[in-house]
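*Asks:* Quick one: the structure is below, questions incoming.
The values are calculated or read from the model by the stated rules, or taken from the named source; none is laboratory data. Only a predicted model underlies this, so the values are computations on that prediction, with no experimental measurement involved. Cβ: placed from backbone, ideal geometry, glycine included. Neighbour counts: every protein chain shown. Quick note on the areas: whole protein, heavy atoms, side chains included, nothing else; ligands and nucleic acids left out. Shrake-Rupley method; radii C 1.70, N 1.55, O 1.52, S 1.80 Å.
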Amino acid sequence: MQREASLFKALSDTTRLRLASLLLFNGETCVCMLSQALNEPNFKISRHLGVMRAAGLVQARREGTWMHYKLVEPRCSFEQYFQEFLRKGLMDHPALKEDFDNLSKASCAEPKA
C-alpha cells in the first residue's frame, strides 16, 4: 500500500496533478514547455517534477540544456487503472483545456550565450 499512498500524496497538489495530466496526454515534454503551459516559472515546475520523480511517477531525460519528463509506464494494475481514471476523468476539465491550449503555443528557446 505504500506505493499507492505515495502516488496519491504526490498528486495531492494541484500543480502536480496538472503536470501528470499534461504528461499523460502529451507524452514526453520539456520543462520549459510545461512551465509555459501552466504559466509558472521553470524552477517551480522543476521542483514539482522532482517530487513526482521521487515518488516514482515520472522519469527524466536530459537533452543538452533541457530536461524532458514523461510518466513512467504503469508497473501494476493500480497504476494502470489510475492513469485511465485521469485520462477519462480529467480530459474535459476546463483548467486542463487551458493548459493544453497553452502547451500547443509553447516552445523552447535556445539559451543565450
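*Asks:* Percent of accessible area on the chain owned by carbon and sulfur, 1.4 Å probe?
*Replies:* Details: 3670 of 6900 Å².
With neighbouring chains kept in place, the figure for the chain is 53 percent.
*Asks:* Going by alpha carbons, how many degrees (0 to 90, nearest 10) lie between the helix axis of 77-90 and the longest principal axis of the chain?
*Replies:* Roughly 60 degrees, rounded to the nearest 10.
*Asks:* Only four residue types carry charge here, +1 at the Cβ of Lys and Arg and -1 at the Cβ of Asp and Glu. Report the dipole size of the chain about the Cα centre in Debye, rounded to the nearest 20. Intermediate results must be reported in sequence, preceding the final value.
*Replies:* On the way: 16 positive and 13 negative charges, 61 e Å.
Value, rounded to 20: 300 debye.
*Asks:* So if each residue of separation counts as 0.36 nm, and I subtract the Cα-Cα distance between Asn42 and Arg75, what length gain in nm does that give?
*Replies:* Extra length from Asn42 to Arg75 when fully extended: 9.0 nm.
*Asks:* Roughly what would the spin-label model give for Arg61 and Glu98, points 7 Å off Cα along C-beta, in nm?
*Replies:* 3.1
*Asks:* Can you give me the relative contact order of the stretch 34-113 as a percent, contacts being Cα pairs under 8 Å and 6 or more apart? Don't jump to the answer; show the numbers that get you there.
*Replies:* Numbers: 45 pairs, mean separation 25.4, N = 80.
Contact order relative to length: 32 percent.
*Asks:* Over the stretch 28-73, what per residue volume does the convex hull of the Cα atoms give, in whole Å³? Show your work: numbers first, answer last.
*Replies:* Values: hull volume 3.0 nm³, N = 46.
Convex hull of Cα atoms, per residue: 66 Å³.
*Asks:* Report ³J(HN,Hα) in whole Hz for each residue of the stretch 50-63, in order, from the Karplus equation J = 6.51 cos²θ - 1.76 cosθ + 1.60 where θ = phi - 60°; Gly and Pro get x.
*Replies:* Those phi angles translate into x, 5, 5, 5, 5, 7, x, 8, 10, 10, 10, 9, 8, 9 Hz.
*Asks:* Per residue, how many Å² of accessible area does the stretch 64-107 show with a 1.4 Å probe?
*Replies:* Working: 2940 Å² over 44 residues.
On a per-residue basis, 67 Å².
*Asks:* Right, another one. For n ≥ 4 DSSP H runs only, could you compute -39500 (n - 2.57) per run for the chain, divide by its residues and tell me the 222 nm figure to the nearest 500?
*Replies:* Values: 6 runs with 69 residues, N = 113.
Dividing the helical sum by the residues of the chain leaves -18500 deg cm²/dmol.
*Asks:* Turning to a different aspect of this structure: Given 10 °C and 1.306 mPa s, compute D for the chain with the Stokes-Einstein relation, Rh being the Kirkwood radius over Cα pairs; round to the nearest whole µm²/s. Intermediate results must be reported in sequence, preceding the final value.
*Replies:* Values: Rh = 14.3 Å.
D, rounded to a whole number, is 111 µm²/s.
*Asks:* Same structure, new question: Can you tell me which aspartates and glutamates have their Cα less than 17 Å from the Cα of Lys97? Leave out same-chain residues fewer than eight positions away.
*Replies:* Glu40
*Asks:* How much length is gained on full extension from Glu28 to Ser12, taking 0.36 nm per residue of separation minus their Cα-Cα distance?
*Replies:* Numbers: separation 16, 0.36 × 16 = 5.76 nm, distance 2.16 nm.
The span from Glu28 to Ser12 would gain 3.6 nm if fully extended.
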